[in-house]
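See below for the structure under consideration.
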Amino acid sequence: MTALFPLFADLRDRAVLVVGGGAVAERKTEALLHAGARPVVGAPQLSAALQDWAEAGRIRWLPGQFREAWLDEQVWLVIAATDDRQVNQAIASAAEARRLLVNVVDDAQLSSFQVPAVVDRGPLQIAISSGGAAPMVARHLRRQLETTLDDAWGSLTELFGRHRQRIRERFPDTGTRRRFFEAQLAGPLLRLLRQHQHAEAEAQLDIALEQAKAPGPTGSVALVGGGPGDPGLLTLNALRALNEADVILYDRLVSDAVLRLARRDAERIEVGKSAQGHSTRQEHIHALMLEHARAGRRVVRLKGGDPFVFGRGGEELEFLHDHGIAFEVVPGITAAVACAAYAGIPLTHRDHAQSLRLVTAHCKDSLDTLDWQVLAQQRQTVAFYMGVAGLETIQQRLLQAGRAGSTPFALVENGSRPEQRIVTGTLAELSATARHHQVHTPALLILGEVTALAERLHWFGAPPQVGCTPLPSTKIAARTLAHAA
Ligand code: SAH
């Protein structure tokens, strides 16, 4: 198969014939209008939208069955969008005879030009064609590109476009001009546009144009929420940041599946936190962020869940701010939201809970400072982070403060990951149940009536393990047999 010659046509104020009045013709006409063309639509009947456009004078309607004379309406291109192959064929050969390029929708053989799948970012357009061989491949690639190339690329292209003349005058030599553009692409412009700081981006470009030589890249830090573990729970912005990263400083809580999505040649540094030695580690993290950002690198500080929920994201941002390092924040799905969803526990429910509390049960001090009266109130859901070691205290305090021993709880271990486990029971037996099932971190404790719904609504991984009565020996025997088999 010979390759097609790709081109982008300027159709402003140029007539293009569309034959057909249905949904396909409507889509093509809309795309033509978007490009500023003057569509001439030939068909016995028009769809509602086409009719509206005709009445508004945006398109011209040629009523009736296809006639060759339509091709003599001074049109530049022809699109055949009828569902009759014979008519399409007649259109194609009539166009061919007049040396008009024709596209027959979904028929590469009859077409002399193809309409590509397009990623549309303002002046920046990326067209993908499979030459009619497999349009699905083109559409698939378009979706991939759409996730990685956000609107900021369009704004950047538009910004460069507005200063095109100045840039040419400033760097008349193509080599230096290319280096200038490369430095700008690696610099802060994209980030600023993404943050909707258009004036600041403009100012940066001004500075860069005034400086004697092309400036070096400037580093920045993206504080990114990596979610609870399932990589499908990353946001598009998180994925983009991981794709662009030079250095990734990640916590132990971040899953391997998430890390695998990062740019292959990004340097990965684990800055795992443990309950001990917290502050020295934090200082070390600060120092690393500073060192890499100052060296001009794009740093991703990747955290489990959301960076602003028990993640010390606030402190890190304050530090960056105080040291004049540019930053952005990408929120992530926090453990409470993810664990609840993956265990079939609606965190609020009209019948059971009108509010939700996120609580850290990290250490003795934090347990002592909590307001247990408030946490023991009815009709709310409480999610305890980092609580595995303190379950006994949590149970005691809540019971003392008046929460009923029959209140149901769920412990979700490794939420959203392949090894997820749900353990359920009642508050009176909380710590005994956790011990019995040997619940380990990372696990989240959810307390409240809503957790009882997990029994019916769980949908991910194994069903909940209930209570702390030992399994009857027959069941154990059956399980052992099943494992052996
Ligand atoms: N910033 C994180 C929380 C950090 S604190 C977030 O927003 O989720 C660490 C605690 O989060 C763990 O001790 C555990 O209680 C909870 N956690 C994080 N990921 C979890 C997961 N996949 N399953 C269960 N609990 C999780």
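Checking the a/c ratio against 1.5 first, then a/b against b/c, what shape does the Cα gyration tensor give for region 326-415? Provide the component values of the computation, followed by the final result.
On the way: a/c = 1.76, a/b = 1.26, b/c = 1.40.
Cα axes put region 326-415 in the oblate bin.
Of the heavy-atom accessible surface of region 8-85 (probe 1.4 angstrom), what whole percent is carbon and sulfur?
Details: 2090 of 4390 Å².
Ligands and nucleic acids excluded, carbon and sulfur reach 48 percent.
So if we plug the beta-carbon distance of Thr2 and Ser93 into 1/(1 + (r/R0)^6) with R0 = 22 Å, what FRET efficiency do we get, rounded to 0.05?
0.60
If a/c stays under 1.5 just call it rounded; otherwise compare a/b with b/c (prolate if a/b is bigger, oblate if not). Do that for region 1-105, with a ≥ b ≥ c from the square roots of the Cα gyration tensor eigenvalues.
Because a/c hits 1.5 or more and a/b fails to exceed b/c, region 1-105 counts as oblate.
Residues with amide H under 5 Å of Ala15's amide H, sequence separation 5 or more or different chain, H placed in the peptide plane at 1.01 Å from N; which?
Arg38, Trp76
Compute the length gained on full extension between His349 and Ala15: take 0.36 nm times their separation in residues and subtract their Cα-Cα distance, giving the result in nm to one decimal.
Between His349 and Ala15, full extension yields an extra 114.5 nm.
Can you pull out the trypsin sites (Lys or Arg not before Pro) in region 242-341 that DSSP calls coil and that have at most 13 other Cβ atoms within 10 Å? It would help to have the intermediate numbers written out before the result.
Details: sites: Arg252, Arg260, Arg263, Arg264, Arg268, Lys273, Arg281, Arg294, Arg297, Arg298, Arg301, Lys303, Arg312; in loops: Arg252, Arg260, Arg263, Arg264, Lys273, Arg297, Arg312.
Here the sparse-neighbourhood loop sites are Arg252, Arg260, Arg264.
What part of the accessible area of region 152-211, given as a whole %, is carbon or sulfur when the probe is 1.4 angstrom? Before the final figure, lay out each step's value.
Working: 1690 of 3290 Å².
Looking at region 152-211 in its full context, I get 51 percent from C and S.
What number comes out for accessible area per residue over the chain if the probe is 1.4 Å? Units Å², please.
On a per-residue basis, the chain sits at 53 Å².
How about region 73-137: which trypsin sites (Lys or Arg not before Pro) there lie in a loop by DSSP and see at most 14 other Cβ atoms within 10 Å?
Details: sites: Arg85, Arg98, Arg99, Arg121; in loops: Arg98, Arg99.
Answer in residue order: Arg98, Arg99.
Ignoring chymotrypsin sites (Phe, Trp or Tyr not before Pro) that are buried or in helix or strand per DSSP, and keeping those with at most 12 other beta carbon atoms within 10 Å, what is the longest stretch of the chain between them? Could you put the intermediate results ahead of the total?
On the way: sites that count: Phe8, Trp459.
Result, exposed sites excluded: 9-458.
Assuming a ≥ b ≥ c are the square roots of the Cα gyration tensor eigenvalues, decide whether region 97-175 counts as rounded (a/c under 1.5), prolate (otherwise, with a/b larger than b/c) or oblate.
Oblate.
Report the one residue of Pro463, Leu317, Gln373 whose Cα lies farthest in the direction of the positive end of the charge dipole of the chain (charges on C-beta: Lys and Arg +1, Asp and Glu -1; origin at the Cα centre).
Pro463
With the crude spin-label approximation of a point 7 Å out along Cα→Cβ, what separation in nm comes out for Thr235 versus Ala326?
1.9 nm
What part of the accessible area of region 308-408, given as a whole %, is carbon or sulfur when the probe is 1.4 angstrom?
Roughly 54 percent of what the probe reaches on region 308-408 is carbon or sulfur.
The values are calculated or read from the model by the stated rules, or taken from the named source; none is laboratory data. Values in this document were obtained by computation on a predicted structure and should not be read as measured data. Using ideal geometry, Cβ is built from the backbone for each residue, glycine included, and neighbour counts are taken over all protein chains shown. Quick note on the areas: whole protein, heavy atoms, side chains included, nothing else; ligands and nucleic acids left out. Shrake-Rupley method; radii C 1.70, N 1.55, O 1.52, S 1.80 Å.
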